[in-house]
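Notes follow the structure.
The values are calculated or read from the model by the stated rules, or taken from the named source; none is laboratory data. These numbers were taken from a predicted model, which means no experiment stands behind them. Methodologically, a virtual Cβ is constructed for each residue, glycine included, from the backbone with ideal geometry; neighbour enumeration extends over all protein chains shown.
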Amino acid sequence: MTDQTRSNGGETHQTTDDTEQTMTTAQGAPIADDQNSLKAGPRGPVLLEDHVMREKIFHFDHERIPERVVHARGYGAHGYFEVIDSIPELTAADLFQRKGKKTPVFVRFSTVAGNEGSPDLARDVRGFAVKFYTQQGNWDLVGNNIPVFFIQDAIKFPDLIHAAKPAPDRAFPQAQTAHDNFWDFASLTPESMHMIMWIMSDRAIPRSFRMMEGFGVHTFRLVNADGASTFVKFHWKPKLGMQSVVWNEALKINGADPDFHRRDLWAAIDSGDYPEWELGVQVFDQEFADSFAFDVLDATKLIPEEEVPIRIIGRMVLDNNVDNFFAETEQVAFCTQNIVPGIDFTNDPLLQGRNFSYLDTQTKRLGGPNFTHIPINAPRCPFHHFQQDGHMAMHNPKGRANYEPNSWGEDGGPRENPAQGFRSYPEPMEGNKGRIRPESFADHYSQARQFYISQAPVEQKHMADALTFELSKVGRMDIRERMVGHLRLIDEGLAEAVAEGIGLPEMPDKAEPAKAPVTDLPESPALSIVRNAPGSFRGRKLGLFVADGSDADLVNAMMEAAKAEGAMVEIVAPHVAGAELSDGERLEAQQKIDGGPSVLYDAVAIILDDKAGKTLSEDKTAQDFVSDAFAHAKFIAHTEAVQPLFETVGIAGKLDDGVVMLSDKADAEAFIETCRALRFWDRAPVNTN
Ligand code: HDD
């Protein structure tokens, strides 16, 4: 029996951890027999009178709520935000006022397109939604791991999502954009080109939630105590650095462990290796906004870090897994409209539309307007208002007054507070009403090109491979051609690689560059993952493949070296019972080789003796373990006895500096240091497609 006191976030209603307690119905009536329904005679019909069974099954029948229309698959955790550098000069927001101040948070990471049961390593944007339980109310920063978006105006969101989700007539493909409808929409929507570059890049297949950046995407406002306002963009920077997997690996991870990302987050927190991000702000004024080459209200554009540096103001640590997935992660309701005094919206038309959508969707998903009564959504500061009644109302105003103004004096309930209350920034407005797309939103290609040229060569190859993969799943030739026509405006080399990849007989015409010319922007190295590698193997996982007879000293040295680096080790063996090492000790395995393919690890060490080396060279799963690790540019450490395995998979003649022979303890330590480079990209061209 679970402890509902905890999973409900502090409300005490019923039940405890104490398994000695009597099981009851939901009404609290003790149950004598939970194994058998009430029957007329031992083999007779079940009686309608059986209130115990009917209540139990009735409740079960109603366990599901509608999954989120987007971001259905997600995983959450609790933690805190701590101020490193206070910014009272920029904002009156309570949570940023004092260095060291901590604010509790709940974070939910997600994929966008797939349903709740879809695999974690779909090529997709990742949601990065943070609920700050501040002393002035809940602030929801509902962002993604990509700083730009597909569309400029919220009115296009249903079209975008319809096109990305499974086709309505056949209900497939699940959790992938690799189909005609998505590319049809994208190729007819030039404003999506910048974001297309991002989702075709390695950003869309992160190694871990712990290793991805997060972005508030829109330009927001900060407003200080004097009412002065600056613009701001929010950035989350992972302490472990950014890292992604390669596409062929992603496809295989989805089969081997569809829960790869959620398991990774849960395990890291459970083991006390708490994931951490820094919160950074790009702050700029109206003058900069007016001089910037793009409109800061256009969510398909970013502001390069090189142009407006990021100031780190805090850190977020996730140190607590949920007690109950449904109560917390499923019922958490993020709303972009949840902001607090000191932070304000801008006129970004995407943000304005979102401010309607989230409240609306939570009402539907959680069954009524009282979803703020659910503990995960309730503010953790005092709150008083006259909202009342409705489905599942847990707390209504007390006393006689449920309206305002009233003349009940002290018993009259809460009052507005002009000194502290939220005030919208009084931005002057003028203009004719109209369904208008501003001309300042018209350049759809320049930043797409900037993103592409800022990538390392291996990342550019991954992008060409990704586009080739996706467009190869598109049945209609005209859609494929139209996309290549757009790519020609972004980068001719990329367009050629994709045209060749999908076998176009001739190069299609360039797309019309809409109303704005494409400009050559400088490279922004901050946009590359590989160019900003963390130089550490910390938080990563080593797959250590052993068998009976493996050299105990080497195995222990490798485990110690990995541990000293702050990395995790998983033992993989021919049997899950483990292996008897050379010293006669048995080492338990976490994975039988069939269930622990090398795609689940960041690097692998294969420590076998001659006998096991020979036997396993004929084993298909052991062969895949080695050949995949090699194809995915991973670092491989091995004993001499692994040579026959290299021979059977055909890489014996191709071994490079990323494949390291182990003889003694020092080799093991040196190998873990080598792994700090994360991948051996010189093994290119890597067959990742
Ligand atoms: Fe959204 C969920 C992020 C545009 C409408 N969105 C949702 C979640 C994230 C984002 C992270 C999951 C929250 C959670 O974990 O529960 N969405 C974004 C970002 C956008 C964006 C970064 C662009 C900058 N979204 C967007 C638009 C609309 C929506 C333009 C509608 C006009 N989004 C929704 C929604 C969802 C949602 C339908 C589905 C479930 C939910 O809200 O709670 O309201």
Is it true that some residue in the stretch 293-315 is more than 16 Å from the ligand (Cβ to nearest atom), in contact with a Leu (Cβ under 7 Å, 6 or more places away or on another chain) and closer than 26 Å to Ile151 by Cβ? no
In the stretch 356-392, how many are among the polar types (S, T, N, Q), in a loop (DSSP other than H, G, I, E, B) and crowded, with 16+ Cβ neighbours inside 10 Å? 1
Could you list, in sequence order, the residues of the stretch 238-283 that are among the basic types (Lys, Arg) and either buried (at least 21 other Cβ atoms within 10 Å of the Cβ) or under 23 Å from Asn532 (Cβ atoms) (or both)? Lys239
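Run down Ser524, Ser598, Ser550 and say which single residue is buried (at least 16 other Cβ atoms within 10 Å of the Cβ), assigned by TED's automatic domain parsing to the domain that holds Val458 and touching a helix residue (DSSP H, G or I) at 6+ places or on another chain (Cβ under 8 Å).
Details: Ser598 fails: assigned by TED's automatic domain parsing to the domain that holds Val458; Ser550 fails: assigned by TED's automatic domain parsing to the domain that holds Val458.
Result: Ser524 is the single residue among Ser524, Ser598, Ser550 that is buried (at least 16 other Cβ atoms within 10 Å of the Cβ), assigned by TED's automatic domain parsing to the domain that holds Val458 and touching a helix residue (DSSP H, G or I) at 6+ places or on another chain (Cβ under 8 Å).
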Consider Thr177 carefully, then state whether it is in the same structural domain as Lys301 (by TED's automatic domain parsing), in contact with a Phe, Trp or Tyr (Cβ under 9 Å, 6 or more places away or on another chain) and more than 15 Å from the ligand (Cβ to nearest atom). yes
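For the condition on the phi < 0 side of the Ramachandran plot, in contact with a strand residue (DSSP E or B) (Cβ under 7 Å, 6 or more places away or on another chain), in the same structural domain as Ser118 (by TED's automatic domain parsing) and assigned to a strand (DSSP E or B), what is the one hit in Leu265, Leu222? Outline the logic, then answer.
Details: Leu265 fails: assigned to a strand (DSSP E or B).
Exactly one residue qualifies, and that residue is Leu222.
Is it the case that the stretch 123-132 has a residue that's more than 10 Å from the ligand (Cβ to nearest atom) and not hydrophobic (A, V, I, L, M, F, W, C)?
Initially, the stretch 123-132 is screened for residues more than 10 Å from the ligand (Cβ to nearest atom), giving 123-124, 132.
Still in the list and also not hydrophobic (A, V, I, L, M, F, W, C): 123-124.
Checking the stretch 123-132: at least one residue is more than 10 Å from the ligand (Cβ to nearest atom) and not hydrophobic (A, V, I, L, M, F, W, C).
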Restricting the stretch 559-585 to residues that are over 26 Å from Asp270 (Cβ atoms) and free of Cβ contacts under 8 Å to residues at least 40 places away in the same chain, which is surrounded by the most Cβ atoms within 10 Å (Cβ to Cβ)? Leu581
If you check Ala633, Ala668, which single one turns out to be touching a Leu at 6+ places or on another chain (Cβ under 7 Å) and surrounded by 19 or more Cβ atoms within 10 Å (Cβ to Cβ)? Ala668
Single unsatisfied condition, Arg380 versus (1) under 30 Å from Pro147 (Cβ atoms); (2) of a type outside the set (A, V, I, L, M, F, W, C); (3) in the same structural domain as Val142 (by TED's automatic domain parsing): (3)
Could you tell me whether Ser424 is within 22 Å of Ile199 (Cβ to Cβ), hydroxyl-bearing (Ser, Thr, Tyr) and surrounded by fewer than 21 Cβ atoms within 10 Å (Cβ to Cβ)? no
Assess whether Glu404 counts as being assigned to a helix (DSSP H, G or I) and more than 30 Å from Ala299 (Cβ to Cβ). no
Give the stretch 482-517 a look and list any residue that's touching an Asp or Glu at 6+ places or on another chain (Cβ under 7 Å) and modelled with pLDDT under 95, or say none. Lys515, Ala516
Any idea which of (1) part of a loop (DSSP other than H, G, I, E, B); (2) out of contact with any helix residue (DSSP H, G or I) (no Cβ under 8 Å at 6 or more places or on another chain); (3) buried (at least 23 other Cβ atoms within 10 Å of the Cβ) is the one Ala72 doesn't satisfy? (3)
Among (1) over 22 Å from Val530 (Cα atoms); (2) crowded, with 19+ Cβ neighbours inside 10 Å, the one test that Glu459 misses: (1)
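Identify all residues within the stretch 201-220 that are within 13 Å of the ligand (Cβ to nearest atom) and among the acidic types (Asp, Glu); write none if there are none. Before you say what the answer is, go through the steps one by one.
We begin by selecting, within the stretch 201-220, every residue within 13 Å of the ligand (Cβ to nearest atom); these are 209, 212-220.
Across the stretch 201-220, the qualifying residue is only Glu213.
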All but one of (1) of a type in the set (A, V, I, L, M, F, W, C); (2) touching a Gly at 6+ places or on another chain (Cβ under 6 Å); (3) outside any loop (DSSP other than H, G, I, E, B) hold for Ala122; which doesn't? (3)
